[in-house]
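The values are calculated or read from the model by the stated rules, or taken from the named source; none is laboratory data. Keep in mind the model is a prediction, meaning the values are calculated, not measured. Cβ coordinates were reconstructed from backbone atoms using ideal geometry, including for glycine residues, and neighbour counts include every protein chain displayed.
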Amino acid sequence: MTKGAPVKLSMMVATARNGVIGNGADIPWHAEGEQLLFKAMTFNQWILVGRKTFESMGVLPNRKYAVVSRSGSVVEQENVLVFVSIETALQRLEQITDHAIVSGGGQLYHSLISRVETLHLSIVDVEAEGDILFPDIPDSFRLVFEQAFTSNLNYRYQIWQRT
């Protein structure tokens with residue numbers, strides 16, 4: 001890690017076929033096994049999230065959090081840093097890590113998709129109702145991996161890489 005070098009960003013998200021990622025604070029499906037991908041990919045990593053996402057997911061063990069909260073209403077605790085803007089979070093992350101995983105919510109996905117290098121996408125085989133949508137994947141990405149999983153709700157895991 002080079003102190004002050006731009007932090008590499010990955011993005012991890014699960015969407016319904018219609019692009020829905022949430023309905024308020026809830027994920028409008030439960031695909032058995034899909035969250036194991038999230039747990040595996042984020043283990044011992046920095047996770048960049050918005051306040052609402054952080055409050056709905058809670059603190060998972062063996063992860064570090066950079067939480068963006070305009071109001072600053074999240075209480076800092078061990079392995080949790082709180083920032084009033086995305087830019088201040090990125091500036092601090094550049095000082096302490098070389099990689100972070102953007103993990104929601106919708107505003108962070110929309111704000112940062114143009115800056116990420118790798119996208120980890122699970123597409124759940126459901127048309128979900130919801131008010132939070134994942135942005136369109138920019139043309140600058142190409143699909144480099146895909147695997148289908150059979151579950152109570154089938155899903156596909158994809159890795160997209162910026163070209």
Review point. In region 11-114, which helices (runs of 4 or more DSSP H) lie fully inside it and hold 2 or more residues that are within 27 Å of GLU129 (Cβ to Cβ)?
Key: 34-42, 51-57, 106-112
Study note, to complete from the structure: For region 86-100, pairs from a residue that is at pLDDT 95 or above to a residue that is among the aromatic types (Phe, Trp, Tyr), with Cβ under 6 Å and 6 or more apart or across chains, are ALA89/PHE83; THR97/TRP46; ALA100/TRP46
Point to revise | Members of region 1-10 that are surrounded by 19 or more Cβ atoms within 10 Å (Cβ to Cβ) and either of a type in the set (Val, Ile, Thr) or not in a strand (DSSP E or B) (or both) | key: VAL7
Point to revise | Test set (1) among the small types (Gly, Ala, Ser); (2) surrounded by 15 or more Cβ atoms within 10 Å (Cβ to Cβ); (3) more than 20 Å from VAL116 (Cβ to Cβ) - SER71 fails condition number | key: (2)
Check your understanding: For region 115-151, how many residues meet the condition of being buried (at least 17 other Cβ atoms within 10 Å of the Cβ), β-branched (Val, Ile, Thr) and not in a loop (DSSP other than H, G, I, E, B)?
Key -> 4
